[in-house]
Amino acid sequence: MRKSVLAALGAAILGAAALAPQAQAAAQGYYKNFRVAVYITVDSTKRLADPKTREAEFDRVESQTHFDKAYLEDYRNNDFASDAQLESAKKFLESKGITVWGGITLAMSGSNGQFETFDYENPAQRAECKEAVEREARHFDHIILDDFFFYNTKSDLDIAAQGKKSWTQYRLEKMHEVARDLVIGAAKSVNPRAEVVIKYPNWYEHFQGLGFDLDKGPEMFAGIYTGTETRDPKVTDQGLQQYESYEIMRYYDNIAPGRNGGGWVDTYGTTYVDRYPEQLWDTIFGKAKQIVLFNWIAAADPQEAPKGDRSAWADMPTSFNWNDMLRSYKPTSAEDQGPGWGQVAGYALHQVDQVAGDLGNPIGIWSYKPYQSHGEDFLQNYLGNIGIPIEMTPHFPAGKKNVLLTREAGFDPQLVSEIKANLKAGGNVFITSGLLKALQNKGLENIVEWENTGRTVSLRNFYAGAGTSTRLALNDPKADNPAIPFPDIHFYTNDSWDVLRGEASDTSFPILMLNHYSKGTLYLLDIPENMGDLYKLPEAALNQIRAYMLQDFPLHIEAPDHVATFAYDNNTFVLESYRDTPTDVKVVLSGKGKKLVDVQTGRPVAEVPVEPGTQGRHWYQPPPSSDFSVKIEPHSFMVFRIE
């Protein structure tokens, strides 16, 4: 955040010295490694202005979730809080030692689950937007925009203004003007000290089509905030993978270094209660400095939080333990019906706070997603869900040893020359089948002559090896091993080598292939037609992919899908399982003589002998390693230190 924002925050903390003990604790922060805030929507703002209800709601929230900051909303869906209501709620929260900032949601209500934004060509709606901002700026120096600051209307006014531009170009240009004049300019017109932070949501692959600009937008606003809600990938229409709650924090940190205020999680779209803690943990593992809980209604609700379908692991010693949480629950009134979403959040945040300080700066294989690009949408999160730590960046990671390039990277017109430079410097560059298709006849053939033929092959049997004398079967004989459709890749034998292949009808096809160029190596990773089919690959095939992509990395794992790895530069790492059953994981540390310590228990992990041969590793003699076997409970995390 900017200096003035930090100064104001510091003043609020210093001012806590004169408050009561409870208020002092709130102002100083309950957690060692991050701060916690609650977002209060406009209907709750109105209730907090009512002395009859606010004490009970505050007691319910504060007793379960220790928070020290609130965002108080004055507008959403054509509904305004009055100046008197806003000021009353603000003073009430401040009397409790809570730092209060403003919040605005610039959205219409929509219908049938389909969001409707302002029509920024409509004079009446432009005036309403400006009024909402000005009202909030009269009460607050610091305001956050909820993530509806995009543009999806196609009225006759919009169509006339669009002209011959694409919707992407028109909306990006229009939202620059709206941000400048109707939001930032409007706020400063009534309060020159006003600073506006923009919260960007989780669907970053599609932003440009609706006017969100991660290139110029972060520089216009005083800071950014990150939507880390991933909810349940199977029931929500976005299909976001669990790993994104971590990865999106990393991407936005790299977009606006030092200006990403934190992560934002809600309680919606979950089929089991543990999914909410998983999002909170992964946000903190991504190094969020603050986390916003959306929203006050869920935290103040007197009903018990729904446990959902968690019967498969209900009696196991999982990281989120409902029974243990229940023992710490203390009702605040006769209306309380059990531990609510606030209690769930408080329990989960206390857990992660015990280990967050042990973690250094995140590391992973660098993956390049230029601004305004799209392609193999959210692929990095699928790869994260199979245990590959990824550090996504909007800038080409020149000079990095290992680089992952997906279809999005093809939006960079200089990409082929950048690939060539990294290879000449001795790097390993991994490109996907989607990027190969995008780069055909654009210069990549000067490095290697590969072709995405446009045909699809369904592969059921998988092997590791190269040349004529090695062929290691990777299928699990106890599993179904369903056929998986892959793009068909053409290559020249003895120029390139497939080190992981699939077979169908006595014909083999490359899945992971390499080609040596100058001092480096170019790899091709063939991505299934449905990215989710990565999860159907045999565990031994996933081990092949991990071992190659994480060469020169401190560690990799051998495990089934849906076990994630978060790694840090101080020789610590986190394993997290999103699976429903206990899972055995082999941790492979680079080099001999390494030791592994369980940070949460302080106990060393016993080393296991390195298995002879090459099964599940490289087709050639594997490099020296120290191997450890751990068991991780369902929907749980473990933290380790390498010594």
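Laid out as a table, the results:
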{"read-out": "Residue 167 accessible area, 1.4 Å probe, all protein chains in place, Å² to nearest 10", "value": "60"}
{"read-out": "Label-point gap, in nm, between residue 314 and residue 155 - each point 7 angstrom along Cα→Cβ", "value": "5.1"}
{"read-out": "Whether region 265-330 is rounded, prolate or oblate, judged on the alpha carbon gyration tensor where a/c under 1.5 counts as rounded", "value": "oblate"}
{"read-out": "Candidates per trypsin sites (Lys or Arg not before Pro) in region 62-150, loop by DSSP, up to 10 other Cβ within 10 Å", "value": "none"}
{"read-out": "Nearest-0.05 FRET efficiency for residue 516 and residue 601, computed from C-beta distance (R0 51 Å)", "value": "0.70"}
{"read-out": "Positive-end residue of 148, 299, 352, charge dipole of the chain with Cβ unit charges", "value": "352"}
{"read-out": "Fraction of antiparallel bridges per DSSP, the chain only, in percent to nearest 5", "value": "55"}
{"read-out": "Label point distance in nm, residue 114-residue 134, each placed 7 Å from Cα along Cα→Cβ", "value": "3.3"}
{"read-out": "Nearby aspartates and glutamates by direct alpha-carbon distance to residue 536 (threshold 17 angstrom, same-chain neighbours under 8 apart not counted)", "value": "476, 480, 503, 526, 558, 561, 580"}
{"read-out": "Calculated semi-axes √(5λ) of the Cα gyration tensor in Å (choose from [x] 44, 31, 21; [y] 48, 47, 17; [z] 48, 30, 23), label", "value": "[x]"}
{"read-out": "Among beta bridges that DSSP assigns inside region 385-525, antiparallel share in %, nearest 5", "value": "70"}
{"read-out": "Qualifying lysines (Cα of each under 26 Å from Cα of residue 91; at least 8 residues distant if same chain)", "value": "3, 46, 52, 69, 130, 188, 199, 289"}
{"read-out": "Radius 12 Å from Cβ of residue 368, net charge of other residues (Lys, Arg +1; Asp, Glu -1)", "value": "-1"}
{"read-out": "Cβ-based charge dipole, region 100-244, positive-most Cα from 198, 100, 184", "value": "184"}
{"read-out": "Mean-position separation - Cα centroids, region 127-177 and region 47-73, in angstrom", "value": "31"}
{"read-out": "Net length gained if the chain between residue 530 and residue 506 were fully extended (0.36 nm per residue, minus Cα distance)", "value": "6.3 nm"}
{"read-out": "Reachable lysines, given that their alpha-carbon falls under 25 Å from the alpha-carbon of residue 424 and they are not under 8 places away in the same chain", "value": "369, 400, 401, 437, 442, 519"}
{"read-out": "Paramagnetic label zone (point 7 Å from Cα along Cα-to-C-beta, residue 56; backbone N under 17 Å) in region 330-345", "value": "331-340"}
{"read-out": "Cα-centred dipole magnitude for the chain, charges only on beta-carbon of K, R (+1) and D, E (-1), debye, nearest 20", "value": "1480"}
{"read-out": "Alpha carbon convex hull of region 472-605, volume per residue in cubic angstrom", "value": "163"}
{"read-out": "Charge context of residue 34, other residues only, Cβ under 10 angstrom, K/R +1, D/E -1", "value": "+3"}
{"read-out": "Length gained when the stretch residue 216-residue 569 is fully extended (0.36 nm per residue, less Cα-Cα span)", "value": "124.1 nm"}
{"read-out": "Candidates per trypsin sites (Lys or Arg not before Pro) in region 483-577, loop by DSSP, up to 14 other Cβ within 10 Å", "value": "519"}
{"read-out": "Using a Förster distance of 22 Å, the FRET efficiency for residue 328-residue 297 (Cβ separation, nearest 0.05)", "value": "0.45"}
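The values are calculated or read from the model by the stated rules, or taken from the named source; none is laboratory data. Please read these numbers as outputs of a predicted model, since none were measured by experiment. FYI the Cβ positions are ideal-geometry reconstructions off the backbone, even for glycines, and counts take in every protein chain you see. Note: areas computed on protein heavy atoms with side chains; ligands, DNA, RNA excluded. Shrake-Rupley method; radii C 1.70, N 1.55, O 1.52, S 1.80 Å.
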